[in-house]
Every structure is written in structure tokens, then in C-alpha cells.
1. Just a yes or no: is a residue in the range 49-68 in a helix (DSSP H, G or I), surrounded by 15 or more Cβ atoms within 10 Å (Cβ to Cβ) and hydroxyl-bearing (S, T, Y)?
2. What tally of residues in the range 52-88 results from selecting those that are in contact with a Cys (Cβ under 6 Å, 6 or more places away or on another chain) and among the aromatic types (F, W, Y)?
3. Which residue, of Y77, Y61, is within 12 Å of I27 (Cβ to Cβ), of a type in the set (S, T, Y) and at pLDDT 95 or above?
4. Out of the residues in the range 24-48 that are outside any helix (DSSP H, G or I) and aliphatic (A, V, I, L, M), which is nearest to the chain's Cα centre (by Cα)?
5. Cβ-Cβ distance below 6 Å, separation of 6 or more or different chains: which pairs start in the range 13-40 with a residue that is more than 15 Å from V80 (Cβ to Cβ) and end on one that is modelled with pLDDT of 90 or more and of a type outside the set (A, V, I, L, M, F, W, C)?
Amino acid sequence: GAQRWLYKRVITDEQARGLSEVAYHAIKARMMEEMRELLCSLRFIEIRIMFAQLAELLEDYRLALQAFEVLGITDGYHQVSEFYAFVRRNGYNLCLRPSNTFQ
């Protein structure tokens with residue numbers, strides 16, 4: 001799905017704007033599995049950080065976790081929560097070297 005698309009693409013500045021909105025729209029459309037797949041993709045995290053979207057990415061995690069709670073969905077909550085903690089803990093270092101996302 002979405003994760004395979006990310007690995008096969010070269011992202012332009014114009015597409016980066018779309019990436020900044022895709023998780024938000026998936027959450028609003030209650031596409032929780034697609035949203036989980038994106039927010040738990042190291043490639044997605046790397047790209048968002050490369051385009052200086054760390055604050056927006058953290059907000060996407062917050063909104064996603066809130067949506068899980070409001071909708072009463074438990075499947076995927078823990079995984080998204082773990083990735084949120086990873087990005088919060090390592091965000092500064094990842095901004096310095098986005099390629100470290102995979103280390």
C-alpha cells in the first residue's frame with residue numbers, strides 16, 4: 001500500500017506538501033489502517049524530517065492517538081504510540097541527520 005509507494009518514489013518539494021497532509025486526511029477519513037501504515041513507516045518519518053516537518057509529524061501522531069481513543073480502536077494504537085515516542089525522543093538528532101532514521 002502506501003508504504004510501498006513511499007519506497008519507490010523520489011519526493012519533490014510539491015509532493016512534500018502532500019505528504020504533510022496525508023496522515024491528517026487519513027485520520028479525518030477514519031482510514032486508521034492506512035494512517036497506521038504511514039506513521040509507522042521509517043521512510044515516511046525520514047521524508048517528513050528531510051522536509052523540516054518534524055513539528056507537523058508529531059502533531060499527526062497526537063491526532064492519530066486521539067482518534068484511536070475516540071473511535072475505541074485498539075488495534076494499532078500501541079504501534080503508533082511506540083513510533084510517536086521514538087520520534088519525540090530522537091527528533092532533534094534525526095533533523096541533524098535524517099538518514100539516521102534507519103540506524
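The values are calculated or read from the model by the stated rules, or taken from the named source; none is laboratory data. Just so it is clear, the structure is predicted and the values come from calculations on it, not from any experiment. Quick reminder, even Gly has a Cβ in these numbers, built from the backbone with ideal geometry, and neighbours come from all protein chains shown.
1. Yes: the range 49-68 contains one or more residues that are in a helix (DSSP H, G or I), surrounded by 15 or more Cβ atoms within 10 Å (Cβ to Cβ) and hydroxyl-bearing (S, T, Y).
2. 1
3. Answer to the selection: Y61.
4. That would be M31.
5. From residues that are more than 15 Å from V80 (Cβ to Cβ), the pairs are S20/Q53; S20/E56.
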